[in-house]
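The values are calculated or read from the model by the stated rules, or taken from the named source; none is laboratory data. Keep in mind it's a predicted model, so treat the numbers as computed, not measured. Heads up, the Cβs are rebuilt from the backbone with ideal geometry, glycines too, and the neighbour counts pull from every protein chain shown. Only protein heavy atoms, including side chains, enter the accessible area calculation; ligands, DNA and RNA are left aside. Shrake-Rupley method; radii C 1.70, N 1.55, O 1.52, S 1.80 Å.
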Amino acid sequence: MRIIWLILGLIALGLGCFGVVLPLLPTVPFILLAAFCFAKGSNRLHGWLLTHPLFGKMIQDWRQTGAISTNAKKMATISIALVFAISVITGVKPLILTIQVAVLGCVLVFIWTRPAA
């Protein structure tokens, strides 16, 4: 079972790393998932992720207080606005836009109601 957790953690970490450079792919949820998976599959990788200069602080903030940094909140808001703008520009059907507004609005409410790190 540990190998499955390890593989899932590596996949989540890879997606999170892509999210650092791709504005439409979220970083934090994948890094948190990787930390969870590594905690069950690899103590070494779990420890490495917790002390990582880029990812470690966000994991520790989330674990201790459920906090998201203000910078991460701003970047998430910009990314969400870009996704919606692209949908509008490309002529996505109104029903899909309505669904996007509902889902992305809920995501923004969740993000901005978390304490700031």
- Query: For residues in the stretch 82-104 being at pLDDT 90 or above and in contact with a helix residue (DSSP H, G or I) (Cβ under 9 Å, 6 or more places away or on another chain), which is least open to solvent (accessible area, probe 1.4 Å)?
  - Reply: S87
- Note on the structure: Every listed condition ((1) more than 22 Å from I11 (Cβ to Cβ); (2) open to solvent by 30 Å² or more (accessible area, probe 1.4 Å); (3) among the hydrophobic types (A, V, I, L, M, F, W, C)) holds for A67 save (2)
- Message: Can you tell me which condition P26 does not meet? The list is (1) at pLDDT 90 or above; (2) touching a Gly at 6+ places or on another chain (Cβ under 7 Å); (3) not in a helix (DSSP H, G or I), and all the others hold.
- Response: (1)
- Give the residue, chosen from M75, M58, that is open to solvent by 80 Å² or more (accessible area, probe 1.4 Å) and either touching a residue at least 24 places away in the same chain (Cβ under 8 Å) or closer than 24 Å to V20 by Cβ (or both). M75
